[in-house]
Amino acid sequence: MRELVDSVFADSRVRRGLQFISDHEAEIEADQIRLTRIPAPPFGETARAAAFTEELIKLGLRPVTDSIGNVFAAFDGMGRNPVVVGAHLDTVFPASTPLDLRRKGRALLLPGISDNGCGIVALLWAFRAAKDSRLEFRRPLIAVGNVGEEGEGNLRGIRHLFNAPPWESRDCDFIAVDGGGLQRITHRALGSRRFRVQMNGPGGHSWADFGRPNPVQGIATAIHLFCSTGNGRRFGTSFNFGMVRGGISVNAIPRDAVMEVDLRSIAAGPLDDLDQELRRAVSEATRASGVECRIEMMGERPLGTTAEAKPIVQAAMEVTRRFGVQPQPDVGSTDANLPISMGIPAIAIGGGGSAGNVHTPEEWFDPTRRDLGIQRLLALIAVLADLDKV
């Protein structure tokens, strides 16, 4: 692998592409801000997908939008066994979220500016650098802007892509560019299950009907019982009660209450345990509160591992080292989960720079050393797609 990486970095066209990226930081930042300010909630990515399409057309590519809203384009023909580079178009934020840019030093503060404004712009500029420096590859190379990575999107874009791939067969190497950062090489897929729990009762007046079954109290009891088990504090697991809602007034007993729960684990067994413990807590709370209850699964992300010995992981780690950065093999929940679970070589990497407060209105991105992230992506593409030595 080292010799292959050496040959890529020694290529004058690659060096020209790396310099091209460093020379265009101002334009890259402007693109990132512009694309991030286009609202793209799950199931509402159309406007951002259109903007992504326009950028691909500017590169001389011929983008196609599939039936679910993914945008994809081949660098130079589809063919078999491509290198596929994806960046999800959606954010966690509702369409009504204010998207007003603020600056703090070099940092940009804007919801979605890292996740996934950084990933989208890294993909676009890596391909732009490849075009500008006239790189040619022996393997097909495909860019994908996919929908439905966040929240209730439940990886719907990537599921659709791999259920009906536009290239021949499912065989490929897949790179998800997600958020900022330089060190992480996410090759282990963090499994998750997401549930909606709804409790119902007759409702009533807070005084006259006091004592009737109260769904809000039922939800609170379920949360308390689950959190008291200690299951979520096991190594490699987590849980989150992300939404709780119900009721119409402070002096009205609610007729219904709903909570949404996210369970995660790096292994199947502990994830099953969390699932069973949640159902047990909900069942016990339902009996104790006298309410009716329904549990539905909102989504599930499969888990798995791309072995560190696989060429895609080895290439990502070796290329990262060439930029003076020590790579960190990592576990995470990304679009790469789906292909990893199918045995397809896949990883997720950041687009450079640094970020924080992700998934909050105070999300920020610092572009310092962002060029290294895009340069790493370009070099990794050249290694995996088998740079044509012309």
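General observations
- Of all residue pairs spaced 6 or more apart or on separate chains, those with beta-carbon atoms under 6 Å, a first member in the range 178-195 that is modelled with pLDDT of 95 or more and a second member that is among the basic types (Lys, Arg) and open to solvent by 20 Å² or more (accessible area, probe 1.4 Å) are Leu190/Arg264; Ser192/Arg264.
- Selection of the range 225-272 for residues being in contact with a strand residue (DSSP E or B) (Cβ under 8 Å, 6 or more places away or on another chain), of a type in the set (Val, Ile, Thr) and within 22 Å of Thr286 (Cβ to Cβ) yields Val244, Ile253, Val258, Val261.
- For the range 202-229, a residue qualifies if it is among the polar types (S, T, N, Q), open to solvent by 30 Å² or more (accessible area, probe 1.4 Å) and either within 14 Å of Arg279 (Cα to Cα) or assigned to a loop (DSSP other than H, G, I, E, B) (or both), and the qualifying residues are Ser206, Thr221, Ser228, Thr229.
- Applying the criterion of at least 2 residues that are of a type in the set (Phe, Trp, Tyr) and touching a Gly at 6+ places or on another chain (Cβ under 6 Å) to the strands (runs of 3 or more DSSP E) found wholly in the range 307-378 leaves 364-366.
- Taken together, the residues in the range 243-278 that are under 23 Å from Glu150 (Cα atoms), open to solvent by 50 Å² or more (accessible area, probe 1.4 Å) and in a strand (DSSP E or B) amount to 4.
- Filter result for Glu284 (among the acidic types (Asp, Glu), at negative phi and open to solvent by 60 Å² or more (accessible area, probe 1.4 Å)): yes
- Among residues of the range 92-103 that are modelled with pLDDT of 95 or more, those with a Cβ under 8 angstrom from a residue that is of a type in the set (Ser, Thr, Tyr) and surrounded by 10 or more Cβ atoms within 10 Å (Cβ to Cβ), sequence gap 6+ or separate chain, pair up as Leu99/Thr36.
- Inspection of the range 295-316 finds a residue satisfying the criterion of being open to solvent by 50 Å² or more (accessible area, probe 1.4 Å), under 30 Å from Gly204 (Cβ atoms) and in contact with a helix residue (DSSP H, G or I) (Cβ under 9 Å, 6 or more places away or on another chain).
- Subset of the range 332-382 that is open to solvent by 10 Å² or more (accessible area, probe 1.4 Å) and over 18 Å from the mean Cα position of the chain (by Cα) - its residue that is nearest to Ser133 (Cα to Cα): Gln375
The values are calculated or read from the model by the stated rules, or taken from the named source; none is laboratory data. It should be emphasised that the depicted structure is a prediction, and the values quoted were computed from it without experimental measurement. Here the Cβ is made from the backbone with ideal geometry for all residues, glycine too, and neighbour counts use every protein chain on show. To get the accessible areas, we keep the full protein, side chains included, count just its heavy atoms, and leave off ligands, DNA and RNA. Shrake-Rupley method; radii C 1.70, N 1.55, O 1.52, S 1.80 Å.
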